[in-house]
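Peer 1: Attaching a single structure in structure tokens format; questions to follow.
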2 protein chains.
Amino acid sequence: MTGADYIAEFLWKKGIREVFLITGGACAFIVDAIGRHKRLKYKCFQHEQAAAMAADASWRVHGKVGVTVVTSGPGATNLITGIACSFFDSIPTLHITGQVNQNEKLNYQGSRVRQAGFQETKIVEMVKPITKYAVQVTSGKQLIKELPKAFERALGPRMGPVLIDIPMDVQKENVGRRIILGSHPQEFKSASEFKKAKKQISRFFAKTERPLVLLGAGSGLSGGTKKILTWAKTNRLPFVASWNALTYFDHRMKNYFGHIGVYGNRGSNFLIQNCDRLLVLGSRLDNRQRSGNSSNFARNAKILAVDVDGEELKKYKNNSHFVKGIRADLKSANQLLPKIKWNDKKQIWEHFCLLMKKKYFGKNPSIFCAKNKSLSPYDVVKKINSFCKQNAVVIADDGANLCWVFQAFLCSSQKLFTAGGNSPMGYSFPAAIGAAFYLPKAQILAFTGDGSMQMNIQELQTLRHHRLNVKVIILNNFGYGIIKQFQDLYFGGRYHATGHGYSQPDFGKVASAYNIKYKRISTLSDLKKADFVKRGPMIFDITLDPNTQIEPKLELGRSLEDQYPYLSQQEYKQGMSFVPSNRRNL
Amino acid sequence: MTGADYIAEFLWKKGIREVFLITGGACAFIVDAIGRHKRLKYKCFQHEQAAAMAADASWRVHGKVGVTVVTSGPGATNLITGIACSFFDSIPTLHITGQVNQNEKLNYQGSRVRQAGFQETKIVEMVKPITKYAVQVTSGKQLIKELPKAFERALGPRMGPVLIDIPMDVQKENVGRRIILGSHPQEFKSASEFKKAKKQISRFFAKTERPLVLLGAGSGLSGGTKKILTWAKTNRLPFVASWNALTYFDHRMKNYFGHIGVYGNRGSNFLIQNCDRLLVLGSRLDNRQRSGNSSNFARNAKILAVDVDGEELKKYKNNSHFVKGIRADLKSANQLLPKIKWNDKKQIWEHFCLLMKKKYFGKNPSIFCAKNKSLSPYDVVKKINSFCKQNAVVIADDGANLCWVFQAFLCSSQKLFTAGGNSPMGYSFPAAIGAAFYLPKAQILAFTGDGSMQMNIQELQTLRHHRLNVKVIILNNFGYGIIKQFQDLYFGGRYHATGHGYSQPDFGKVASAYNIKYKRISTLSDLKKADFVKRGPMIFDITLDPNTQIEPKLELGRSLEDQYPYLSQQEYKQGMSFVPSNRRNL
């Protein structure tokens, strides 16, 4: 086998069924090998960025490593924004970049020129800050060694993207026939360490009256969610969730009390601020959760974080709210989580949790839309939510549309995700294309904005070519709504580069050019279930008031429970029942 | 002034008139400051990649530094492919990226987490391999110091792109009112060094009978082309050119004998192989010029290279064809280039040069199209060439369309360029948009391919919104022609991911969706001058045979003069007149 044939067969044996790619000179041998492979398939995209985002969806929709193959130089650099999505959200992906023949630079005598071979680019160096592992192989022997290693690194805790750069001469090299698959990384804790951790959690909850669990994405990425939620239910523990955890459980669970954060549910944020013990399972508690004013986060509680990444725990070391964290992989949740006995006073807390849930959970009023008599994006999301099949994959993009979807959508068994940490404009549409390739029978919905839709609009061709079962829902606020809300607040409503200077195409005409069904929605009753359950692509252009707001939203400097639109003093007080009055804001 | 105001005023005082941008949270203060600036203008793009490519066109069309402003994370990483265009082609550009507030990571205690602030990305580290200078500023004081420094680095020899990453708190900081502009970098050679270099060139040509000058892009980037060409004319020196030099002179010059390289003119390549002295002025002699078989390049000659970048000269140190190079900025060409006296035998060489020119210069036969009775892209380019005004800016993309345009287009005073070293798909269209913003009165032509057009197709909205005077010419060969030619040669015509799997939209319908005039061209007579001289945007979709070839083209391993389609032995012999028969290929 050549190096290129080896790659194709290796991928197949690792369970990969589709590779996303754009061909080019430096990866042509790999593309040809994939093309000649009897079972491995490839799908062509129109821009490498979209291929990387589509591959990022792989783990999120069916738990397999997404793979791209692209050429050197611009082919490789075009992947970068997509790779960053996988890195920040701990998604395992493998990116294979072709590189120029090694002999092209042999006669450069070690001089540090900007470029040796044509389109030669130091992609490995460039992606180091956003990959778990990136390497250029220089021989067939090294290729055989590095492929399984890269896979192990991608899947080993904490997961993430990897990149292998493969010169053309290695693609052509005869590498023999023996495939080395490597092994899956093992748990890194011993039985005695597990025992110790279990004791620590037990002690943590020993005297608590107001316990709370925060479920993070790590619970799902590790495969531990089910064990954790069974434990939480058995032990009568209320839990809230981070946005990236929302895809892993049924939101109708009785002990689930909503998602937290800057754009989180008011009720859940109140629980965070009132609890006395917060157990964080697999969440990095980023600034969109703890807010910029992070010292106020869970300010009446002790916090214990369990994370697979020791660096994430180190950051708490001088924060007096945090007790020493536990480094562990939550796939071993059973070995970590103890049986807990509660104090009788906990019933008061349970009562409060239910009150907060009753008041705020699943409620998504838009004061702005009510006042302006305009279409509420929350009502749109809820109505579309009701059209969703059990197998639906719902992907949100960034900015306002992301907030609206994540604030209002409730999952039963649907998948719901976004590229949370990187949050690029234009992620959801190519990710939906990827999801549709991986799960051709599923109902796939991509929520996006009018600005974001333009970022990867070229992929309408991919959508149309394969007639994929993707519904694109543009929550059209006529230009970067989340920035307009920021401009209202800080720039006296000067809409530079949003209201002014920005423009959008007629999406109806664009859809028609690509022969894709299109519907403009201006009232709730325009949304018909039939459109959403029928197979095939369709675009919904939902026209909102250009200034439609995200509600609630935490403004800079405020503490987590004090979101805009501001509550009455009475309502605020009720939400802060367990917080001494000198530690409240109002 | 705030840091943001300072940036706007600094740019204006540095002669910048337009900034290309997409707004976002982390750059919103800078965008607002530019918006409030009385004279500095901004233009919104639909994807940062396009903004970077448009900015790259700035120096190429009017000798000013192109500037972008984008937000952190994906905004910044989206620039990368465009920045690489500037780096490999020595184009000065300035990229300003917003970054999250520094306090967002203050409480991370130095832990090495993947991401601290929302959308925080190590952009400075990532672009180091493709920028001359990249820095994150941490205070207003540092901003004031780094802005002029970055400008100087961008413009200092060898030019290139720079990036400054500016946290939001620095954008908001009060930095006072005094603007520090910095100075333009000075020449680095002393008078005695110039004298020595002059002597060296004099000696180099002392006994030559077959001298040749190769004009590289450095001659033009330095501003030295005019001086060089006056010198060459006065001293009766024949010259050939690299592709990136073609934009700097009138191709009708009598002592110009064509462009060289893998896809170069046969006649010019013969001159390279027959000359006994080759003076290389500002060309890095990359592998598309010297070919993969670079030891055969100018194999009967001594070569003397003048380059501003010492690293480019170092690479020749063990190559016996090269004499010690001269490190100098060609803007000082007058001080470098000596008067030369010729041997009488030189007339034989002049006669040969003229013969090669007569046979090959401006001749662009397509044996493929003649045989298939299909439309020749060469005839298309020549006809459009005849429609070009003196102020036209002609930009080619990559792959086959690039080759066809550069092989056949002859400039008088037009500008003709491409992103030569990086050569991404999709460069020419956004670069043309940039050119049209910078030179609103010029006739702007963007040649591209059907695959490449899709890469930045979102910018049709920018084109339409501003009704820019850009003609987009799609040389449509239905999928990655240059790769198909490669697949014919090495993969027995298996068209994976080119003929098979790849698809394209109906460009006519897409143009119409964006309200842009469109014309499908299937014969030469469909091309009308009136369409090209009329103001406003228009798309020409030129349908070629899917297998249309690039002719001539050097195949792997061959030496420079031995291009496909292969010449008869007799014709080859004539071209190699001065090469001893034992050093010819046939």
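Quick note: the coordinates plus some simple rules give every number you see, no bench work behind them. A quick note: this is a predicted structure, and the numbers were derived from the prediction, not measured. Cβ: placed from backbone, ideal geometry, glycine included. Neighbour counts: every protein chain shown.
Peer 1: So which trypsin sites (Lys or Arg not before Pro) in segment B:117-192 are both in a DSSP loop and have at most 12 other Cβ atoms within 10 Å of their Cβ?
Peer 2: Values: sites: B:122, B:132, B:141, B:145, B:149, B:153, B:158, B:172, B:177, B:178, B:189; in loops: B:122, B:132, B:158, B:177, B:178, B:189.
Here the sparse-neighbourhood loop sites are B:177, B:178.
Peer 1: Now, a different point. Counting Lys +1, Arg +1, Asp -1, Glu -1, what net charge surrounds residue B:236 among other residues with beta carbon under 12 Å of its beta carbon?
Peer 2: +4
Peer 1: Here is a further query. Taking the Cα centre of chain B as origin, sum charge times position over the Cβ atoms of Lys and Arg (+1) and Asp and Glu (-1), and report the length of that vector in debye to the nearest 20. Walk me through the numbers on the way to the answer.
Peer 2: Details: 84 positive and 44 negative charges, 481 e Å.
With only Lys, Arg, Asp and Glu charged at Cβ, the dipole is about 2320 debye.
Peer 1: Sticking with this one: Restricting everything to alpha-carbon atoms, can you work out Rg to Rh for segment A:273-380 with a Kirkwood hydrodynamic radius?
Peer 2: 1.07
Peer 1: Could you tell me how many degrees, from 0 to 90 and to the nearest 10, lie between the Cα long axis of helix B:346-360 and the main elongation axis, the longest principal axis, of the Cα atoms of chain B?
Peer 2: Taking Cα atoms only, the helix is inclined about 70 degrees.
Peer 1: Let me see the pair-distance distribution of segment B:523-586: every alpha carbon pair, 5 Å bin width, integer percents in order.
Peer 2: The percentages, shortest bin first, are 3, 13, 16, 13, 9, 8, 9, 10, 9, 6, 3, 0.
Peer 1: Cross-link partners among aspartates and glutamates for residue B:254, C-alpha distance below 16 Å, same-chain residues fewer than 8 apart left out?
Peer 2: Those aspartates and glutamates meeting the cut-off are B:350.
Peer 1: Same structure again: Considering only the protein assembly as shown, what is the antiparallel percent among its DSSP beta bridges, to the nearest 5?
Peer 2: 5
Peer 1: Each label point is 7 Å from the Cα along the Cα-to-Cβ direction; what then is the distance between the points at residue A:358 and residue B:488, in nm?
Peer 2: Result: 7.8 nm between the two label points.
Peer 1: Another question, then. Would you please name the GluC sites (Glu not before Pro) within segment A:180-251 that are DSSP coil residues with at most 13 other C-beta atoms within 10 Å of their C-beta? List each step's numbers first, then the result.
Peer 2: On the way: sites: A:187, A:193, A:209; in loops: A:187, A:209.
The qualifying sites are A:187.
Peer 1: What is the magnitude of the charge dipole of segment A:280-330 about its Cα centre, with +1 placed on the Cβ of each Lys and Arg, -1 on the Cβ of each Asp and Glu, and no other charges, expressed in debye to the nearest 20? Numbers along the way, then the final one.
Peer 2: On the way: 10 positive and 6 negative charges, 57 e Å.
It comes to approximately 280 debye.
Peer 1: Here's something else I'd like to know. Work out how far the C-alpha atoms of segment A:176-272 reach from end to end along every principal axis, then list the three figures in whole Å, largest first.
Peer 2: Principal-axis extents of segment A:176-272 (Cα, largest first): 62, 33, 23 Å.
Peer 1: As an exercise, take the mean of 1/r over every pair of distinct alpha carbons in segment B:3-172, invert it, and state the Kirkwood radius in angstroms.
Peer 2: Final number for the Kirkwood radius of segment B:3-172 is 15.5 Å.
Peer 1: Given segment A:482-555, report the % of alpha carbon pairs whose separation exceeds 15 Å.
Peer 2: Values: 1812 of 2701 pairs.
Counting every Cα pair in segment A:482-555, those more than 15 Å apart make up 67 percent.
Peer 1: Do you know the relative contact order of chain A, to the nearest whole percent, from alpha carbon pairs under 8 angstrom that are 6+ apart? Write down the numbers at each step before the final one.
Peer 2: Working: 1248 pairs, mean separation 77.5, N = 586.
Relative contact order for chain A comes out at 13 percent.
Peer 1: Counting only C-alpha contacts under 8 Å and six or more residues apart, can you give the relative contact order of segment A:424-535 as a whole percent?
Peer 2: It comes to 24 percent, rounded to a whole number.
Peer 1: Based only on the alpha carbon positions, what is the Kirkwood hydrodynamic radius of segment A:74-170, in angstrom? List each step's numbers first, then the result.
Peer 2: Working: mean 1/r = 0.0722 Å⁻¹.
After inverting the mean inverse Cα-Cα distance, the result is 13.9 Å.
Peer 1: Turning to a different aspect of this structure: Over 34 Å, how big is the tail of the calculated P(r) for chain A, in percent of all Cα pairs?
Peer 2: Percent of Cα pairs beyond 34 Å in chain A: 44.
Peer 1: For B:576, A:159, what's the fewest-to-most ordering of other Cβ within 10 Å of each Cβ?
Peer 2: Placing the least packed residue first, the sequence is B:576, A:159.
Peer 1: Taking the radius of gyration and the Kirkwood hydrodynamic radius from Cα positions alone, what is the Rg/Rh ratio for the protein assembly as shown, to two decimal places? Write out the running numbers ahead of the final one.
Peer 2: On the way: Rg = 31.1 Å, Rh = 31.3 Å.
A ratio of 1.00.
Peer 1: Right, another one. Pull up all non-local amide H partners of residue B:93: gap of 5 or more, or a different chain, and H-to-H distance under 5 Å with H placed in the peptide plane.
Peer 2: Close amide H contacts, sequence-distant or interchain: B:160, B:162.
Peer 1: May I ask you to list the aspartates and glutamates whose Cα is less than 18 Å away from that of residue B:226, ignoring any residue fewer than eight positions away on the same chain?
Peer 2: Excluding near neighbours in sequence, the set is B:250, B:307, B:329.
Peer 1: Run the helix sum for chain B: -39,500 (n - 2.57) per DSSP H stretch of 4+ residues, divided by residue count, reported at 222 nm to the nearest 500 deg cm²/dmol. Walk me through the intermediate numbers first.
Peer 2: Values: 27 runs with 224 residues, N = 586.
Per the formula, -10500 deg cm²/dmol.
Peer 1: Going Cα to Cα from residue A:484, which aspartates and glutamates come in below 16 Å? Please leave out same-chain ones fewer than 8 positions away.
Peer 2: Counting by Cα, and skipping residues close in sequence, residue A:484 has these aspartates and glutamates nearby: A:398, A:450, A:545, A:551, A:555, B:32.
Peer 1: So, with +1 on the Cβ of K and R and -1 on the Cβ of D and E, and no other charges, what is the size of the charge dipole of segment B:3-172 about its Cα centre, to the nearest 20 debye?
Peer 2: For segment B:3-172, the charge dipole is close to 400 debye.
Peer 1: For every other residue with a beta carbon closer than 11 angstrom to the beta carbon of residue B:457, add +1 if it is Lys or Arg and -1 if Asp or Glu, then tell me the sum.
Peer 2: -3
Peer 1: Looking at chain A only, what percent of DSSP beta bridges run antiparallel? Nearest 5 please.
Peer 2: Restricted to chain A, the bridges split so that about 5 percent are antiparallel.
Peer 1: What net charge is computed for the residues neighbouring residue B:280, neighbours being all others with C-beta under 14 Å from the C-beta of residue B:280, Lys and Arg scored +1, Asp and Glu -1?
Peer 2: Working: positive: B:277, B:284, B:290, B:302, B:315, B:324, B:327; negative: B:286, B:307, B:309, B:312.
Once positives and negatives cancel, what remains is +3.
Peer 1: Would you work out the Kirkwood radius for segment B:429-544? I mean one over the mean of 1/r across all pairs of different Cα atoms, in Å.
Peer 2: 15.0
Peer 1: Okay, moving on. Give me the compactness ratio for segment A:210-325, meaning the Cα radius of gyration over 2.2 N^0.38 Å. Mind showing how you got there, number by number?
Peer 2: On the way: Rg = 12.8 Å, N = 116, 2.2 N^0.38 = 13.4 Å.
Output field value: 0.96.
Peer 1: Tell me, B:291, B:525 in order of fewest to most beta-carbon neighbours within 10 Å? Spell out each step's value before the answer.
Peer 2: Details: B:291 25, B:525 8.
Going from sparsest to densest Cβ surroundings: B:525, B:291.
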